[in-house]
1. For D78 and F112 in one chain, what is 0.36 nm times their gap in residues minus the Cα-Cα distance, to one decimal in nm?
2. For D32 and R151, what does the FRET efficiency come to when R0 = 35 Å and r is the distance between their Cβ atoms, rounded to the nearest 0.05?
3. Counting other C-beta atoms within 10 Å, which of W133, W359, W115, W76 has the fewest, and how do the rest follow?
4. With the cut-off at 22 Å, tell me which of the pairs K297/K362; K249/K297; K242/K302; K211/K242 have Cα atoms farther apart than that.
5. Based solely on its DSSP helices, what 222 nm [θ] is calculated for the chain when runs of n ≥ 4 H residues each add -39,500 (n - 2.57) and the sum is averaged over all residues, nearest 500 deg cm²/dmol?
6. I need the phi-derived Karplus couplings for segment 6-11: 6.51 cos²θ - 1.76 cosθ + 1.60, θ = phi - 60°, integer Hz, Gly and Pro marked x.
7. Starting from segment 194-302, pick out the GluC sites (Glu not before Pro) whose DSSP state is loop and whose Cβ has at most 12 other Cβ atoms within 10 Å.
8. Can you put Y244, Y374 in order of Cβ neighbours within 10 angstrom, beginning with the fewest?
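Every number in this text was worked out from the coordinates using simple rules, so none of it is lab data. What you see is a predicted model, and the numbers here were worked out from it, not measured in a lab. Neighbour counts are summed over all protein chains in view; Cβ atoms, including those assigned to glycine, are modelled from backbone coordinates with ideal geometry.
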Amino acid sequence: MTLPLLFTPWTNRGVTLKNRVVVAPMHQYAADRGFITDWHLMNAGRFAAGGAGMVMVESTKVERRGCGTLGDTGLWDDAFIPGMKRVADLIRANGSVPAIQIGHSGRKARRFRPWEGGAPLVQSPAITDWEAWELVGPSAEIGDAGDPMPRALTRDEIPQVVQHWADAARRADAAGFDVLEIHGAHGYLFDQFFWDATNLRSDRFGGPDIKDRARFAVDVVSAIREAVGPDYAIIFRVSQWKTYQYEAKIARTPQELERWLVPLADAGVDIFHGSDRRFWEHAFPEHGDYNLAGWAKKVTGKPAITVGSVGLDRDLMQDFVSGESAPTLKSLDELARRFDRGEFDLVALGRVLLADPNWLTKVREGRFSELQPYSKECMDTLF
């Protein structure tokens, strides 16, 4: 089994990756009131030293109320730039391209961490800005039974939120990140606008047409492109599934996917990051065996990143609960097949690198018997 394309350089917007591996943005829950800590330096540094072409810092919030839980990183103020610059500089010094994902949790904000069950947080003296940590979304619609009611964003405040995203992108650029990813997946704020089950609006940001429900995200991409200029690489991450809602569908056909993604591409997205629970699954089985990243590339003509249980035998949400994921070569064979036919251009890795930061070197050298299994305890330590 060989993966020759995985180890070839790749260039976009003047940024060259030494190989096709992207370290996926993974929450570390280790920030101090939004500020980067030494943990983040060590975490990013080990992945860069492990040989990845690009290391992406975790979903960093564009405003305070967008924080999903305690320990989220932030870029809602210029004060965050120096700490972020330390991380970007360290990644670059170790031979990788520094990237960062920015995001907003919307109605998924203010929750316990995943391994704590993910339920809504309760007010406590330790949270000094509880009222400012407001839950907002496209609609005043409760997610699960027992969840607090979010407030629907008004039309007048949506431009303010758009500006928060543009300002955070400007700060990411100032901190030295060469690539920016916009988090539009997994049930977070943009995803809440995309999905017709959570977007019940009747104005220009809602309705039965996905093109209208994507308008808020399109406005954000346009504002970010204006803020960072024409030469800055922008990725947009999308998914069909949501946390604990695995059968959810935003686009039911390739035609709907095209109406969803092409306006984002026209607004300034360079690369689409298609998130599947398992990268080998078919996004539209009746139309062929491409995954979400593959279809994103087909309908937009833009490069694509695939992600989802690469090199492992279980998906992420199973691993939050118990057990471990064993390394498997079967999925690597499938990855090689799809790479060879040009289905996608880059692959994002997460859990395999948490378990084994030297995974890439071992795969390149054929040392498959040395690959380490992943368990949820891997999130507790730095190797």
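1. Values: separation 34, 0.36 × 34 = 12.24 nm, distance 2.72 nm.
That works out to 9.5 nm of additional length.
2. FRET efficiency, D32 to R151: 0.80.
3. The fewest-first ordering by Cβ neighbours comes to W115, W133, W76, W359.
4. On the way: K297/K362 29 Å; K249/K297 18 Å; K242/K302 24 Å; K211/K242 20 Å.
Those over the limit are K297/K362; K242/K302.
5. -9000 deg cm²/dmol
6. Along segment 6-11, the couplings run 4, 10, 9, x, 8, 10 Hz.
7. Sites meeting the loop and neighbour criteria: E247.
8. Y244, Y374
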